[in-house]
Amino acid sequence: AAAASGAPRAQRQVAGAAAADGGDQKAAADQNLQQSAATAPRDEPVESGPWFLTKSQIDNSPSRKYLLERCGGDVVKAREKEAQHRRLTCAFLQESGQKLRLPQLSIATAIVFYHRFFAHKSYENYCRFTIATTCLFLASKVEETPKKLKDVVIETYRIQHGRQAPDPESQEFKDLKERILVSERVLLQTLGFDLTVEHAYRPLLAYVKSIQGTRDLAQVAWNFINDSLRTTICLQYAPRHVSAAAVYLAARYLSEHHDKLYELPPHQGGKWYDAFHVSEEAFQDVANQIMELYDSKANGGPALANGSNVALMSQKRLETLKSPASAPGPAAANGAAAA
């Protein structure tokens with residue numbers, strides 16, 4: 001993608017440049033969007049708070065409406081296109097953050113910022129790579145692992161374009177830095193200056209320690225959390241739901257990998273997932289959304305952390321392996337070795 005400015009592009013559009021049938025496409029898109037909204041569940045977000053949304057709200061975001069118009073009113077194509085945008089841009093953030101030697105916590109915060117921004121803004125008006133780079137720069141400061149803007153621009157430019165960034169002393173490079181600074185103000189305003197982000201890593205590690213779980217359980221579950229960041233799960237569920245789903249899937253993987261049931265002990269005489277204060281329905285939904293990432297038709301871009309063999313597992317296979325949630329520990333089918 002071209003390194004376009006993060007400032008609204010709509011201001012630069014020439015009046016009358018729309019195609020002759022643009023009005024018809026927009027009308028069709030609006031009609032399909034209304035039909036989709038009418039059939040969507042009217043439930044409240046699982047968690048209270050300004051950043052938790054229902055699936056219906058995500059389906060009706062400004063970005064989705066724009067892509068729906070671009071896809072000629074095709075709801076399925078618009079949904080797939082947005083999912084692809086999120087997957088590939090989050091992979092870009094993950095790779096950029098690693099090259100900058102940022103800790104995973106800082107990278108995860110940047111990704112959450114990105115999801116929150118485009119839940120309220122449209123891809124029509126903002127370049128996703130400019131905003132993503134800005135999220136990475138801001139997150140490095142928020143998590144107290146700051147990186148120089150120059151270094152951030154050089155690394156993200158190289159990864160996005162596959163070539164070296166312009167000379168740091170050139171006007172082009174100065175313009176790139178200025179775009180990030182301008183976009184940072186827009187990002188902060190969109191986030192309402194609410195820069196607090198909680199992640200699923202802490203409840204995961206606390207749980208593994210409490211049950212004296214293995215290092216493999218912690219690592220594979222950690223990888224599932226990393227992969228989950230390429231979806232909108234962080235906009236739907238609190239970190240503890242993601243932690244529970246990650247443990248659930250990690251236990252499945254370890255059970256199949258070692259050909260022995262990996263048991264998750266009951267919590268205070270109840271279900272194992274009571275330790276996370278979540279319902280079975282909620283963590284199963286998160287687990288299913290994570291597994292959808294490994295669908296060979298949906299997955300694109302750089303490899304997922306747990307994707308080596310999980311990519312070959314279909315949703316039907318997952319259902320076949322599913323054991324009652326009342327059992328101490330579900331069997332796993334995750335194909336990645338611990339990193």
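The values are calculated or read from the model by the stated rules, or taken from the named source; none is laboratory data. Nothing here was measured: the structure is a model prediction, and the numbers come from that model. Don't worry about glycine lacking a Cβ; one is built from the backbone with ideal geometry, like all the others, and counts go over all protein chains shown. Side chains are part of the model used for accessible areas, which takes the heavy atoms of the whole protein and leaves out ligands, DNA and RNA. Shrake-Rupley method; radii C 1.70, N 1.55, O 1.52, S 1.80 Å.
What residue, of R163, R158, is over 24 Å from the mean Cα position of the chain (by Cα) and within 20 Å of L88 (Cβ to Cβ)?
Every option except R163 fails the conditions.
Name the residue that is nearest to M291 (Cα to Cα), counting only residues in segment 181-224 that are in a helix (DSSP H, G or I) and of a type in the set (D, E).
D216
Mind checking which residues of segment 216-225 are crowded, with 20+ Cβ neighbours inside 10 Å and not small (G, A, S)?
If the condition is that a residue be crowded, with 20+ Cβ neighbours inside 10 Å and not small (G, A, S), then L217, V220, W222, N223, F224, I225 are the ones that fit.
Is there any pair linking a residue in segment 144-169 that is among the aliphatic types (A, V, I, L, M) to one that is part of a loop (DSSP other than H, G, I, E, B), with Cβ under 7 Å and at least six apart or on different chains, and which?
V152/L100; V153/A165; I154/A165
Could you go through segment 256-264 and let me know if any residue there is over 17 Å from L105 (Cβ atoms), among the hydrophobic types (A, V, I, L, M, F, W, C) and in contact with a helix residue (DSSP H, G or I) (Cβ under 9 Å, 6 or more places away or on another chain).
Yes, there is a match, as at least one residue in segment 256-264 is over 17 Å from L105 (Cβ atoms), among the hydrophobic types (A, V, I, L, M, F, W, C) and in contact with a helix residue (DSSP H, G or I) (Cβ under 9 Å, 6 or more places away or on another chain).
For segment 102-138, give me the residue count where each residue is among the small types (G, A, S) and in a loop (DSSP other than H, G, I, E, B).
Counting residues in segment 102-138 that are among the small types (G, A, S) and in a loop (DSSP other than H, G, I, E, B) gives 1.
Results for (1) loosely packed, with under 13 Cβ neighbours inside 10 Å; (2) touching a strand residue (DSSP E or B) at 6+ places or on another chain (Cβ under 7 Å); (3) hydroxyl-bearing (S, T, Y); (4) at pLDDT 95 or above, shown as yes or no for each residue.
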residue: S183; (1), (2), (3), (4): no, no, yes, yes
residue: V186; (1), (2), (3), (4): no, no, no, yes
residue: V197; (1), (2), (3), (4): no, no, no, no
residue: Y201; (1), (2), (3), (4): no, no, yes, yes
residue: L204; (1), (2), (3), (4): no, no, no, yes
residue: I211; (1), (2), (3), (4): no, no, no, no
residue: T214; (1), (2), (3), (4): no, no, yes, no
residue: D227; (1), (2), (3), (4): no, no, no, no
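Give the number of residues within segment 158-171 that are farther than 16 Å from C127 by Cβ and assigned to a helix (DSSP H, G or I).
Looking only at that region, the number is 2.
Could you tell me whether any residue of segment 72-86 is under 28 Å from A238 (Cα atoms), polar (S, T, N, Q) and modelled with pLDDT under 85?
no
Table: residues versus (1) under 17 Å from A218 (Cβ atoms); (2) touching a Phe, Trp or Tyr at 6+ places or on another chain (Cβ under 6 Å); (3) at pLDDT 95 or above; (4) assigned to a loop (DSSP other than H, G, I, E, B).
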residue	(1), (2), (3), (4)
L235	no, no, no, no
K260	no, no, no, yes
L264	yes, yes, no, yes
G270	no, no, no, yes
V278	no, no, no, yes
L304	no, no, no, yes
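Which of the residues spanning segment 75-106 are farther than 17 Å from Y123 by Cα and either of a type in the set (G, A, S) or open to solvent by 40 Å² or more (accessible area, probe 1.4 Å) (or both)?
Answer for segment 75-106, where residues must be farther than 17 Å from Y123 by Cα and either of a type in the set (G, A, S) or open to solvent by 40 Å² or more (accessible area, probe 1.4 Å) (or both): V76, A91, E95, S96, G97, Q98, K99, R101, P103, L105, S106.
Which residue is nearest to H85 (Cα to Cα), if the candidates are limited to segment 170-181 and must be open to solvent by less than 60 Å² (accessible area, probe 1.4 Å) and touching a residue at least 24 places away in the same chain (Cβ under 8 Å)? First the steps, then the outcome.
Looking only at segment 170-181, we keep the residues that are open to solvent by less than 60 Å² (accessible area, probe 1.4 Å), and these are 170, 173, 176, 180.
Still in the running and touching a residue at least 24 places away in the same chain (Cβ under 8 Å): 176, 180.
Values: L176: 22, I180: 20 Å.
So, considering only residues that are open to solvent by less than 60 Å² (accessible area, probe 1.4 Å) and touching a residue at least 24 places away in the same chain (Cβ under 8 Å), the one nearest to H85 (Cα to Cα) is I180.
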